[in-house]
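Take a look at the structure below.
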Amino acid sequence: MRWTEDDGRVSVFRSPSNNSNGNSFDFQGRQLSCEHLTRRVTRYEHDGTATVLADSYQGKRLNSPNDVAAHPDGSYWFTDPPYGGQLYEGEPDVAGGPSNAGGKLNPRIGQPAGFVPGRRELPTNCYRIDPSGRIDLVVTED
């Protein structure tokens with residue numbers, strides 16, 4: 001949703017939003033979003049296109065990126081907790097996954113057609129996306 005200060009209107013800002021959370025802006029004024037549903041960090045360019053900055057680490061899908069911040073050196077830092085593994089936050093794990101161990105949650109409820117649920121593959125971590133695109137693990141769950 002978007003609130004316009006000039007006239008007090010509320011309107012749809014981005015649809016679908018992919019359960020975006022932790023939105024911020026970089027130093028060039030581009031919106032950064034953490035998408036729980038698609039398990040990725042995206043940057044919206046000035047022309048409206050989306051650039052995926054991160055969706056995996058060492059071949060494993062991210063959990064549910066939650067907060068992202070730009071650094072003056074051109075890097076982006078983001079957290080990746082398991083929040084999006086809950087039914088009301090994004091995409092629960094398939095039956096037997098860490099956030100759906102009992103298999104009681106149906107990860108397809110409320111999701112778009114063709115949605116294929118996944119299993120949580122990484123612990124909670126904090127990452128840094130280097131300006132070159134390399135993703136580094138900065139702080140581990142431990």
Limited to region 1-38, what total is found for residues that are closer than 11 Å to residue 65 by Cα, in contact (Cβ under 8 Å) with a residue 24 or more places away in the chain and out of contact with any strand residue (DSSP E or B) (no Cβ under 7 Å at 6 or more places or on another chain)?
-> 1
Yes or no: residue 98 surrounded by 15 or more Cβ atoms within 10 Å (Cβ to Cβ) and either over 17 Å from residue 34 (Cβ atoms) or modelled with pLDDT of 80 or more (or both)?
-> no
Identity of the residue in region 55-92, assigned to a loop (DSSP other than H, G, I, E, B) and of a type in the set (A, V, I, L, M), that ends up modelled with the lowest pLDDT = 87
Of (1) over 20 Å from residue 137 (Cβ atoms); (2) in a loop (DSSP other than H, G, I, E, B), residue 3 satisfies all except one. Which?
-> (2)
For region 56-64, does any single residue satisfy the condition of being surrounded by 15 or more Cβ atoms within 10 Å (Cβ to Cβ), without any contact (Cβ under 8 Å) to a residue 40 or more places away in the chain and either out of contact with any strand residue (DSSP E or B) (no Cβ under 8 Å at 6 or more places or on another chain) or not small (Gly, Ala, Ser) (or both)?
-> no
Applying the selection to region 25-50, what residues are of a type in the set (Gly, Ala, Ser), on the phi < 0 side of the Ramachandran plot and either surrounded by fewer than 12 Cβ atoms within 10 Å (Cβ to Cβ) or at pLDDT below 95 (or both)?
-> 50
Of all residues in region 116-142 being within 16 Å of the chain's Cα centre (by Cα) and modelled with pLDDT under 95, the one that is farthest from residue 60 (Cα to Cα) | 117
Looking at residue 16, is it over 18 Å from residue 133 (Cα atoms) and either over 11 Å from the mean Cα position of the chain (by Cα) or not β-branched (Val, Ile, Thr) (or both)?
-> yes
Quick one: which of 41, 52 is touching a residue at least 24 places away in the same chain (Cβ under 8 Å), among the β-branched types (Val, Ile, Thr), part of a strand (DSSP E or B) and under 30 Å from residue 121 (Cα atoms)?
-> 41
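The values are calculated or read from the model by the stated rules, or taken from the named source; none is laboratory data. Keep in mind the model is a prediction, meaning the values are calculated, not measured. Glycine gets a Cβ as well: all are built from the backbone with ideal geometry, and neighbour counts include every protein chain shown.
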